[in-house]
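The values are calculated or read from the model by the stated rules, or taken from the named source; none is laboratory data. Everything quoted here is computed from the prediction, not taken from an experiment. In this analysis, Cβ positions are derived from the backbone assuming ideal geometry, glycine residues included, and neighbour counts consider all displayed protein chains. Heads up: the accessible areas ignore ligands, DNA and RNA and are worked out on the full protein's heavy atoms, side chains in. Shrake-Rupley method; radii C 1.70, N 1.55, O 1.52, S 1.80 Å.
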Amino acid sequence: MNMNPNNNQYRRIIIRRANEYVLFKTDDIAYFFLENKTCFMVDRLQGIKYLIPKSLRDLTEALDPADFYRINKKYLVHIESLRKFKLCVAGRIEVELYPATREKVFINQVRMQDFKKWVTQGSNEQSGPLFEDMLESHAGITDY
């Protein structure tokens, strides 16, 4: 009996559009997001938004965690759609995704360490002081 947990992971997403079905490899997906409690998928190649009848929770569990990360309640993003991020006030991180989102997307402090692990795996910053240097520079500022 094969107990490999990867057997349950999606390698592709099939979306119905009118009387046809469109197939997307998971690598071609930029991100999933919620809008008015409805889940949408945005493809990375054309930036087209598709309705997807799944919950973000189900998608998070079924997609490879090396590729997809739930950055907040509304967004589940593919690592390749992440363009840049910066530390903001109140210890939140603002992320810039591609294709661009209509709203600003933030990660709160609670998810920061998990996000750091996810975003640095397989990168030149695996053991680098990512965020720590930014956090220290903010913490060192005092009001006179």
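Taking 0.36 nm per residue of sequence separation and subtracting the Cα-Cα distance, how much length would be gained by fully extending the chain between residue 104 and residue 120, in nm to one decimal? Don't skip to the answer; put the middle values down first.
Values: separation 16, 0.36 × 16 = 5.76 nm, distance 2.20 nm.
Additional length available on full extension: 3.6 nm.
Once ligands and nucleic acids are excluded and a 1.4 Å probe is used, how much of residue 101 is accessible, expressed in Å² to the nearest 10?
Surface accessible to solvent at residue 101 totals approximately 40 Å².
How are the Cα pair distances of the stretch 1-90 distributed, in percent, across 5 Å bins from 0?
3, 12, 24, 25, 17, 10, 6, 3, 1, 0, 0
Output the peptides 9-17, 25-33, 78-86, 65-73 sorted from most to least packed, where packing is the average of other Cβ atoms within 10 Å over each peptide's residues.
Top of the packing list down: 25-33, 65-73, 78-86, 9-17.
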